[in-house]
Protein chains: 2
Amino acid sequence: MKLQVTQENLAKALGTVARVATGRATLPILSNVLLKTIDNRLSVAASNLDIAITHQIGSKIQKEGAITVPARLMQDFIASLPDGVLHLELKDNKLSITTDKYQSTINGISAEDFPIMPAIKGGSTWKILSAQLKKALQKVVFASSNDDARPVLTGVYFHVVGGEVTVVATDSYRLAEHKLGKSKSAVNFLVPGSAASDLLRIIGDFEDEVTITHDDQQVLFKVNDITLVARLIEGNYPDYRKLIPTKFATVTAMRREDFINITKVSSLFARESAGSITIKAEGKTVSINAIASQLGENTAEADATVKGSGEVTLNSRYLLEALNAYSGEQIEFCFNGKLEPCILRSSSDANYLHLIMPLRS
Amino acid sequence: MKLQVTQENLAKALGTVARVATGRATLPILSNVLLKTIDNRLSVAASNLDIAITHQIGSKIQKEGAITVPARLMQDFIASLPDGVLHLELKDNKLSITTDKYQSTINGISAEDFPIMPAIKGGSTWKILSAQLKKALQKVVFASSNDDARPVLTGVYFHVVGGEVTVVATDSYRLAEHKLGKSKSAVNFLVPGSAASDLLRIIGDFEDEVTITHDDQQVLFKVNDITLVARLIEGNYPDYRKLIPTKFATVTAMRREDFINITKVSSLFARESAGSITIKAEGKTVSINAIASQLGENTAEADATVKGSGEVTLNSRYLLEALNAYSGEQIEFCFNGKLEPCILRSSSDANYLHLIMPLRS
């Protein structure tokens, strides 16, 4: 392998892929990135067996070849070099990287040992604007679970509801759902939450289309020169739609910023009680009370429009994360007594729905 | 106690003092801040027995009094309230804080139990511009030691050298010294590094004079409405001045930015070898070589003016921290063989000197 690339392109590609290369004690080569010449371009790839990301960049190839090198060292090193052309040359699994002021040698591991994800055979394909996918995933991914005891809940579920592709995530304490628009494709797959987070990072900077292809085992997202392949989570996603209430005993509407402020202040007093805060709607105000037995207590209130009245106890962190996922100026908060799910909704985010289960108080 | 303060002033005072209130299992009240009315002002104070900081703010006092309340909760709570006037009132060791939208009660501990640092009796006093003291401390504090085995080296030493007040810190691997200007006072005291760091934070925003008073046991820094009192470190500071070489076999001069860049790049390859890098001066270049036995090696070079020639092995972190403490465009790096101290100097920072001991290579 012998080639030239610009520092800028190589640094960008390493930035895209290297985070996936975290390594496992049993397979050290997964701490490396794969550099491989393909059709007069340089392919830079990393994998953790569940997710693989590849970024192809322009390159002047003098001799074909492939090698894997330590991801963290390579990323930090290339990022710290000045702008300009880098000369890469492979000799006996040692990669030399040269500019006029820098000469370095990085010890590699043969590319033959690098695990390749199997190709997707057939499967269905659809396209979506990357900005639209990004907006939806940002409002949904954080509601997925980190608990591997129920793998299904660690994923983000893509499926069709009433003719519209819909993404949803839930950790069983709260649920976030966003519609992506009409589609004729048979979309139905469960992506690991970590892959969805990587995808968010990758599509961040592009205003282009994302092409999505999936079969029963894997999904492939392609945007410009970058592809992300993820192993799907197996299992049946819970039939969550029947949990979403449509009628409410209490409907409140207020400025979203006011609701955020009174929740934040109350959450300081709720640190000792696992974030437990009690929301009360009555007359023309919504108030939040939090009690820290050792430290004191706090009541904060905001002006609101209230239909009905009542109170409900929630986890303040879930409420804050939900409120921050909305973007409009006004927010509606609706609930039915102390035990049934609460929902947040906003006409500015008509495709988005967030549901939070109450705490027993 | 019953009074009114603005949210802005109280938040600022808590920001100044609360970091010191870290608490100790043996004396929980040290996790609290002391609020006390003094002469129609509110004094906000915190202490860890070694350092005490007090910030006095304007206040409309209706009834004198004092209480201590949990520092972290109080700081976070007041910071999260909107601008405006806060009403504080004490009833049975419970502090109520009220605005039109917020009512909270914070449980306090009686102010009588709060430990007060003894007053400084007599002692000598001098003044210095805060900007000048800040600049010097920023370039010196980081060279003090974190190792409590030699308490003297954890401090920043203020003393007089050739009629000039001088601050110095060393962890025995490197040493930083900055002159503060002529003084007739008998300055000679050793401040804990942590107190010097707190002082840096406090004097950050003021373009005023700092008044410094010390006796054998304590030093008091006063700037505007803030005072910091620190217990001095006992013991004799090493006679470091005889370590500073005045003649050099090799004197190099180069752009400081170039030296930083080649040190940074090399340090990536020196992670496995505790930061060990070898600097070589010859002809018209300074080059740095670093070897990571498992991962590879790197040589980086910069254009330089070189008198003499030679090489020396240093810790890359110490070199980077020293280079970043200078501000001028050019830097001189001077050394005598492989075992004697190296120094950095710059005509833009004529009052500053940084010395680094080589590693045995």
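The values are calculated or read from the model by the stated rules, or taken from the named source; none is laboratory data. Values in this document were obtained by computation on a predicted structure and should not be read as measured data. Using ideal geometry, Cβ is built from the backbone for each residue, glycine included, and neighbour counts are taken over all protein chains shown. Calculation scope for accessible area: heavy atoms of the full protein, side chains included, ligands and nucleic acids excluded. Shrake-Rupley method; radii C 1.70, N 1.55, O 1.52, S 1.80 Å.
What the table below lists for this structure:
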| read-out | value |
| --- | --- |
| The listed residue being over 30 Å from B:Ile51 (Cβ atoms) and at pLDDT below 95, out of B:Lys264, B:Lys242 | B:Lys242 |
| Residue among B:Ser194, B:Ser145, B:Ser172 that alone is buried (at least 16 other Cβ atoms within 10 Å of the Cβ), part of a loop (DSSP other than H, G, I, E, B) and outside the structural domain of B:Leu86 (by TED's automatic domain parsing) | B:Ser145 |
| Failed item in (1) open to solvent by 10 Å² or more (accessible area, probe 1.4 Å); (2) touching a residue at least 24 places away in the same chain (Cβ under 8 Å); (3) closer than 21 Å to B:Arg174 by Cβ, with B:Leu339 passing the rest | (2) |
| Of all residues making up segment A:80-97, the number that are surrounded by 16 or more Cβ atoms within 10 Å (Cβ to Cβ) and farther than 16 Å from B:Arg271 by Cα | 8 |
| Contacts under 6 angstrom Cβ, first residue in segment B:343-355 being open to solvent by 70 Å² or more (accessible area, probe 1.4 Å), partner assigned to a strand (DSSP E or B), 6 or more apart | B:Arg345/B:Glu332; B:Asn351/B:His178; B:Asn351/B:Lys179 |
| Hits in segment B:64-79 (condition: outside any strand (DSSP E or B) and either of a type outside the set (Lys, Arg) or buried (at least 22 other Cβ atoms within 10 Å of the Cβ) (or both)) | B:Glu64, B:Gly65, B:Ala71, B:Leu73, B:Met74, B:Gln75, B:Asp76, B:Phe77, B:Ile78, B:Ala79 |
| Any hit, segment B:53-63, residues being surrounded by 20 or more Cβ atoms within 10 Å (Cβ to Cβ), more than 14 Å from chain A (Cβ to nearest Cβ), under 20 Å from B:Ser194 (Cα atoms) and touching a His at 6+ places or on another chain (Cβ under 8 Å) | no |
| Residue within segment B:255-265 that is hydroxyl-bearing (Ser, Thr, Tyr) and in contact with a helix residue (DSSP H, G or I) (Cβ under 6 Å, 6 or more places away or on another chain) present | yes |
| Meets criteria (of a type in the set (Val, Ile, Thr) and more than 10 Å from chain B (Cβ to nearest Cβ)) for A:Ile279 | yes |
| Residues located in segment B:307-336, provided they are charged (D, E, K, R) and touching a residue at least 40 places away in the same chain (Cβ under 8 Å) | B:Lys307, B:Arg317, B:Glu321, B:Glu329, B:Glu332 |
| Qualifying positions in segment B:291-309 - part of a strand (DSSP E or B), modelled with pLDDT of 95 or more and touching an Asp or Glu at 6+ places or on another chain (Cβ under 8 Å) | B:Ala302, B:Asp303, B:Val306 |
| Top-ranked residue of segment A:314-333 - restricted to ones that are assigned to a strand (DSSP E or B) and touching a Lys or Arg at 6+ places or on another chain (Cβ under 7 Å), ranked as surrounded by the fewest Cβ atoms within 10 Å (Cβ to Cβ) | A:Gln330 |
| Qualifying residue in segment B:122-136 (condition: open to solvent by less than 50 Å² (accessible area, probe 1.4 Å), assigned by TED's automatic domain parsing to the domain that holds B:Gly15 and not in a strand (DSSP E or B)) | no |
| Options A:Lys101, A:Lys121, A:Lys91; residue that is more than 14 Å from chain B (Cβ to nearest Cβ) and of a type in the set (Lys, Arg) | A:Lys121 |
| When residues of segment B:64-88 are limited to those that are closer than 13 Å to B:Lys36 by Cα and not hydroxyl-bearing (Ser, Thr, Tyr), the one farthest from the other protein chains (Cβ to nearest Cβ) | B:Glu64 |
| Residues that are open to solvent by 30 Å² or more (accessible area, probe 1.4 Å), more than 9 Å from chain B (Cβ to nearest Cβ) and in contact (Cβ under 8 Å) with a residue 40 or more places away in the chain, drawn from segment A:259-276 | A:Ala274, A:Ser276 |
| Selected residue (only one of B:Val156, B:Val191, B:Val140 is of a type in the set (A, V, I, L, M) and touching a helix residue (DSSP H, G or I) at 6+ places or on another chain (Cβ under 7 Å)) | B:Val156 |
